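Chemist: First, the structure itself, so that you have it in front of you.
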Amino acid sequence: MSLPNGANGYQVGDGNLNEIVMGTQAAPAAKTAAATLTPAELATGIITYAGAAAALTVPLGTSLDAEFGSMKIDSSFDFSIINTDAANAATVTANTGCTLVGVAAVAAVTSSTWRVRKTGVATYVFYRIA
């Protein structure tokens, strides 16, 4: 992976403070019914939802460990859920090894941002931060 070298992007350490910070964005995971989210879906950074009121269950702590083997205790990543349904909420639910902190329901036509923090072996806390 290489960093941009000054052509309308910010290169870490280059001093281009007035230019945008660029990254990559994989296609968001799209859900239309109750589902257990996968670590790979969380890694896209965005999950969209449109469907009847349903639960979106976070992955098992062991699955997160297997997918993100380089995560150390107290390391974290963020992801967002965007509910595009006009009438129904999606509710985030915990799974083995995972604890939720904050409001779990993502109301119709709203979004939520979550920070996932590793707290031990196969143990994670999902904090709703927005």
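Chemist: Test each condition in (1) open to solvent by 30 Å² or more (accessible area, probe 1.4 Å); (2) closer than 18 Å to Arg128 by Cα for Cys98 and report the one that comes out false.
Modeler: That leaves (1) as the condition not met.
Chemist: Here is a list: Ala52, Ala33, Ala66, Ala27. Which entry is not in a loop (DSSP other than H, G, I, E, B) and not charged (D, E, K, R)?
Modeler: Answer to the check: Ala66.
Chemist: Just the residues that are over 15 Å from Glu67 (Cα atoms), among the hydrophobic types (A, V, I, L, M, F, W, C) and open to solvent by 70 Å² or more (accessible area, probe 1.4 Å), please, taken from segment 107-128.
Modeler: Hit for segment 107-128 is Val109, nothing else.
The values are calculated or read from the model by the stated rules, or taken from the named source; none is laboratory data. These numbers were taken from a predicted model, which means no experiment stands behind them. The protein model used for the area step is the full one, side chains on, heavy atoms only, and it has no ligands, DNA or RNA in it. Shrake-Rupley method; radii C 1.70, N 1.55, O 1.52, S 1.80 Å.
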